[in-house]
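The values are calculated or read from the model by the stated rules, or taken from the named source; none is laboratory data. Since the model is a prediction, treat every value here as computed from it, not as a measurement. For neighbour counting, all protein chains shown are included, and Cβ atoms are generated from backbone atoms with ideal geometry for every residue, glycine included.
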Amino acid sequence: MPSTPLSRRSFLALSAMLTWAFTTRASTSIPVGLELYSVREKLKKDPEAALRAVAQMGYEGVEFYAPYFDWTEPQTKQIRKLLDDLGMRCFSTHNDESYLRPQSIDRARDMNLILGSKYVVLASAGQKTSLTEWRSVADTLNSAAEKLEPAGLKAGYHNHQLEFTPIEGQRPIEILAKQTKPSVMLQLDVGTCLEAGSDPAAWIRSSPGRIRSIHCKDWSPDAGKGYTVLFGEGAADWKNIFAAAEGAGGVEYYLVEQEGSRFSELETARRCLQAFREKHGG
């Protein structure tokens, strides 16, 4: 039978699913990766050196963010080979809303399959001021899921403060939870949830099985600190968050994320991983 684009995608999907299944079974604990926005300047200057440094710290995987979408297919394959050589996985990618639209989602699907990713995450819905607009975001996620799932991929959504800020008495994140397919992951950003005045652990417990990855970003209410605190230095009750995530939440992997701190990008990432291990164990 002649080769077709569909058979190629099916092969990539099968490879990605087998790799994910094997490594998940082989692990005795929930893996921790790095959202690469945390080392964005280093990644921009020298992607290979950045990934090698992240692997050397002990991170088990990564999440690429929006600029990955501009890579060529050979570049994407080269990055995948490097990840394999380093013993790291691409857990997921962060994507602009346009990447999930019909004109772009095939490309997003194919690139994520090459990377070995499992989740194609909408990084932000931008400014929305009505519940009707948030329902439209849910529709976008459902449509993306229908396109991605035959290839073995899942859609996801990453919150900021806005999703936990009530509109007409209802939090937009609740709209997304109710009106998206159960297969759509709700990736929790702990820091922005806290800043919006919500309880991350309570949200996890109210959404069983949906919080399959967590951005472990702390936040401090102290003036001038905000997101510049390292993991464990802010207001997050990590013990309670971990218990909820590994109980009702169904968490599959954690991601350290840092917007910037008093240290360099790489030193910040190293210190956050050390603190994560001290608080979480493993």
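Those residues that are surrounded by 23 or more Cβ atoms within 10 Å (Cβ to Cβ) and in a loop (DSSP other than H, G, I, E, B), I need them from region 199-210; list them, please. Residue satisfying the conditions is 210 alone. Show the residue pairs meeting these rules: Cβ distance below 7 Å; 6+ apart or different chains; first residue within region 169-180 and over 13 Å from residue 133 (Cα atoms); second residue β-branched (Val, Ile, Thr) and surrounded by fewer than 20 Cβ atoms within 10 Å (Cβ to Cβ). The qualifying pairs do not exist here. For region 211-227, the set of residues classified as over 20 Å from the mean Cα position of the chain (by Cα), assigned to a loop (DSSP other than H, G, I, E, B) and not aliphatic (A, V, I, L, M) consists of 221, 222, 224, 225, listed by residue number. The set of residues in region 60-100 being surrounded by fewer than 18 Cβ atoms within 10 Å (Cβ to Cβ) and under 15 Å from the mean Cα position of the chain (by Cα) consists of 66, 67, 96, 97. Taken over region 115-136, the criterion of being closer than 26 Å to residue 71 by Cα and touching a helix residue (DSSP H, G or I) at 6+ places or on another chain (Cβ under 9 Å) is satisfied by 115, 116, 117, 118, 119, 120, 122, 123, 124, 125, 126. Residues 242, 263: which one is within 19 Å of the chain's Cα centre (by Cα) and not small (Gly, Ala, Ser)? After ruling out the rest, the residue left standing is 242. Once region 234-251 is narrowed to residues that are buried (at least 19 other Cβ atoms within 10 Å of the Cβ) and out of contact with any Ser or Thr (no Cβ under 6 Å at 6 or more places or on another chain), the residue that is nearest to residue 118 (Cα to Cα) is 251. Pick from 17, 111: which is part of a helix (DSSP H, G or I) and at pLDDT 95 or above? Step by step, each of 17, 111 is checked, and only 111 is part of a helix (DSSP H, G or I) and at pLDDT 95 or above.
Residues in region 147-188 that are under 20 Å from the mean Cα position of the chain (by Cα), over 18 Å from residue 206 (Cβ atoms) and acidic (Asp, Glu): 149 alone.
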